[in-house]
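Please read the structure below before turning to the comments.
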Amino acid sequence: MNYWIAAPDIIDAFVLPGGHGGTSIPLELTLRTLTAVLPERPLRVVDLGGGDAALAVRLAMAGHEVVVLDIDPQMITLGEQRLARGPSAIRDRVRLICADGATMAADQAEVADLVCCHSVLMYEDDPAPLVRTAVALCKTGGLVSIVAINPAAAAMRSGLAQRWAEARIALETGSDAHGPYAASRNHARETVEALLSEAGAGIVEWSGIGTFTDHHTGPILADDPEDVLRAEWLAGRLDPYRQVARCYHLIARKL
């Protein structure tokens, strides 16, 4: 089951203020991680589930060619609108395709230097098909980047917001599905790491995203925004902080 498709109004939450669309702290942290591990040359990138093109535009600005696959035509429309607002040089490097990445044909194997699958696995009951597709699309020696919700931090957001009943239930069940969020399945980092290994990709590094800021629903206050990003960047690479980040970011190399 795909929870995104099953919830037709979910896109409204995505584009509202406080949603995950557009420029955000998680996007900036993700890009910093990718920049640190990618070779300094133009790459072929496949972005699974990145229909709004926020990541694709940033990667295209760095000189990469990006193919975006998204199952939701409304997300593709958001991506087209974003591209239309930008320069033609960026539009020429991004292609948007409405398709289910989990069912890509075998003849599309090994086409990308980098395959991204960010904030998508949480909408899949079974993450295995999408992980296998991500690795299959990647060239040998290329990288697979996965960002997913961290179930180990299920109680953090409700606890910090003083929603104590939700926090208690999350601690008892290991899930925040009872909270005011869209239906989803949060898959443990260790589970996704094992799926990557089974598909033929070894973990290069992992980090946390949103140790502090992504557990808050209100505005993030700071004299210097760079201090926020730097604090999040450092926390995402240090235990125990990365263990309770809202998301985990896996970088794997296809063997």
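The values are calculated or read from the model by the stated rules, or taken from the named source; none is laboratory data. Here the structure is a predicted model, which means the values were calculated and not measured. Every residue, glycine as well, gets a Cβ built from its backbone with ideal geometry; the counts of neighbours run over all protein chains shown.
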Going residue by residue through region 100-107, is there one that turns out to be farther than 30 Å from His216 by Cα, in contact with a Ser or Thr (Cβ under 6 Å, 6 or more places away or on another chain) and aliphatic (A, V, I, L, M)?
yes
Filtered residues of region 127-163 (kept if over 20 Å from the mean Cα position of the chain (by Cα), modelled with pLDDT of 95 or more and either more than 30 Å from Gly200 (Cα to Cα) or not polar (S, T, N, Q) (or both)):
Lys139, Gly141
Restricting region 207-255 to residues that are of a type in the set (Phe, Trp, Tyr) and under 13 Å from Asn150 (Cβ atoms), which is surrounded by the most Cβ atoms within 10 Å (Cβ to Cβ)?
Tyr248
Read through the list (1) in a loop (DSSP other than H, G, I, E, B); (2) among the charged types (D, E, K, R); (3) crowded, with 16+ Cβ neighbours inside 10 Å, then give the number of the only condition that Arg41 fails.
(3)
Hey, Trp233 hits all of (1) aromatic (Phe, Trp, Tyr); (2) over 16 Å from Pro26 (Cα atoms); (3) modelled with pLDDT of 95 or more but one; which does it fall short on?
(2)
Can you find, within region 183-221, the residue that is modelled with the highest pLDDT among those that are closer than 16 Å to Asp126 by Cβ and of a type in the set (Ser, Thr, Tyr)?
Thr191
Regarding Ile97, is this residue surrounded by fewer than 23 Cβ atoms within 10 Å (Cβ to Cβ), touching a Cys at 6+ places or on another chain (Cβ under 9 Å) and closer than 28 Å to Ala199 by Cβ?
no
Step by step: first the residues of region 100-119, then only those that are modelled with pLDDT under 95 and β-branched (Val, Ile, Thr), then the one that is surrounded by the fewest Cβ atoms within 10 Å (Cβ to Cβ). Which residue is that?
Thr103
Output yes when any residue across region 172-188 is in a helix (DSSP H, G or I) and touching a residue at least 40 places away in the same chain (Cβ under 8 Å), and no when none is.
no
Among the numbered criteria (1) within 23 Å of Gly210 (Cβ to Cβ); (2) of a type in the set (S, T, N, Q); (3) free of Cβ contacts under 8 Å to residues at least 12 places away in the same chain, which one does Ser119 miss?
(3)
For region 8-18, does any single residue satisfy the condition of being under 25 Å from Thr133 (Cα atoms), touching a helix residue (DSSP H, G or I) at 6+ places or on another chain (Cβ under 6 Å), modelled with pLDDT of 95 or more and in a helix (DSSP H, G or I)?
no
Just give me the residues in region 143-169 being outside any helix (DSSP H, G or I) and either of a type in the set (Val, Ile, Thr) or under 14 Å from Asp47 (Cβ atoms) (or both), in sequence order.
Leu143, Val144, Ser145, Ile146, Val147, Ile149
